[in-house]
Amino acid sequence: MSTTLTGTRVAFVSTDGFEDSELLEPWKAVTAAGATAVLIAPEAGTITGKNGHEATVDLTTADAVASEYDALVLPGGVVNADHLRLDAAAVALVRDIVTDAKPVGVICHGAWILADADVLTGRTITSYPSLRTDLTNAGATWVDEEVVCDLGLVSSRTPEDLPAFCDKLIEEIAEGPHPQREA
């Protein structure tokens, strides 16, 4: 299995209030492996993490097209996650990427938008513990583990899980799209 991601494009969907390390560490990991990372947000300009890191937006959610990306990363941060799930274009982009069976990494509160995208039925996932009820109500099986992978959906709980999360994310992106579960 190759860990080089040369030629792959990874969409990072985020907005103000993201958990700084949950954007920065996966970004560093995928770009170090050769991928092109693209920051997508509801509005153009810059976004600011809850600890002050500023990041330049490459594209708005309204202008992003799922077919242009090989994978998706959804950083956490309560404010970030809560605002993203209210952005219809972000929800549609996430739904399209998940439906296309492309690798998706979600950490902490980043998983919240998956409930709004209605893509959790039958999936196993972890997250920050306070999301357990929301994700379960959306059809997922929630578990408390450092990193969980379910057909290319990589999830972790908190920044402490970032090393395992980034390793598994790189592995899944290198593998490419996963076939959907049989009905």
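The values are calculated or read from the model by the stated rules, or taken from the named source; none is laboratory data. The structure presented is a predicted model; accordingly, all values stated were derived computationally and were not measured. Quick reminder, even Gly has a Cβ in these numbers, built from the backbone with ideal geometry, and neighbours come from all protein chains shown.
So here's what we get for this one:
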| item | result |
| --- | --- |
| So residue 17, is it on the phi > 0 side of the Ramachandran plot, crowded, with 19+ Cβ neighbours inside 10 Å and part of a loop (DSSP other than H, G, I, E, B) | yes |
| Residue match in region 63-76 (condition: touching a Leu at 6+ places or on another chain (Cβ under 7 Å), among the small types (Gly, Ala, Ser) and farther than 20 Å from residue 111 by Cα) | no |
| Residue in region 29-49 that is closer than 22 Å to residue 109 by Cα, exposed (fewer than 12 other Cβ atoms within 10 Å of the Cβ), more than 13 Å from the chain's Cα centre (by Cα) and among the β-branched types (Val, Ile, Thr) present | no |
| Output for region 51-81, where each listed residue is hydrophobic (A, V, I, L, M, F, W, C) and buried (at least 18 other Cβ atoms within 10 Å of the Cβ) | 55, 57, 64, 71, 72, 73, 74, 81 |
| Those residues of region 1-56 which are more than 12 Å from residue 174 (Cα to Cα) and among the β-branched types (Val, Ile, Thr), in sequence order | 13, 15, 31, 36, 38, 40, 46, 47, 48, 56 |
| Leading residue by the ranking (modelled with the highest pLDDT) among those in region 166-183 that are in a loop (DSSP other than H, G, I, E, B) and touching a Gly at 6+ places or on another chain (Cβ under 8 Å) | 177 |
| Answer residue from region 128-157, given it is part of a loop (DSSP other than H, G, I, E, B) and touching a residue at least 40 places away in the same chain (Cβ under 8 Å) and is farthest from residue 10 (Cα to Cα) among those | 128 |
| Residue list for region 103-126, restricted to those being touching a residue at least 40 places away in the same chain (Cβ under 8 Å), assigned to a loop (DSSP other than H, G, I, E, B) and touching a helix residue (DSSP H, G or I) at 6+ places or on another chain (Cβ under 8 Å) | 103 |
| Filter result for residue 77 (touching a His at 6+ places or on another chain (Cβ under 9 Å), at positive phi and modelled with pLDDT of 95 or more) | yes |
| Check on residue 174, surrounded by 14 or more Cβ atoms within 10 Å (Cβ to Cβ) and touching a residue at least 40 places away in the same chain (Cβ under 8 Å) | yes |
| Residue in region 54-72 that is under 13 Å from residue 14 (Cα atoms) and in contact (Cβ under 8 Å) with a residue 60 or more places away in the chain present | yes |
| The one condition in (1) in contact with an Asp or Glu (Cβ under 6 Å, 6 or more places away or on another chain); (2) crowded, with 20+ Cβ neighbours inside 10 Å that residue 169 fails to fulfil | (1) |
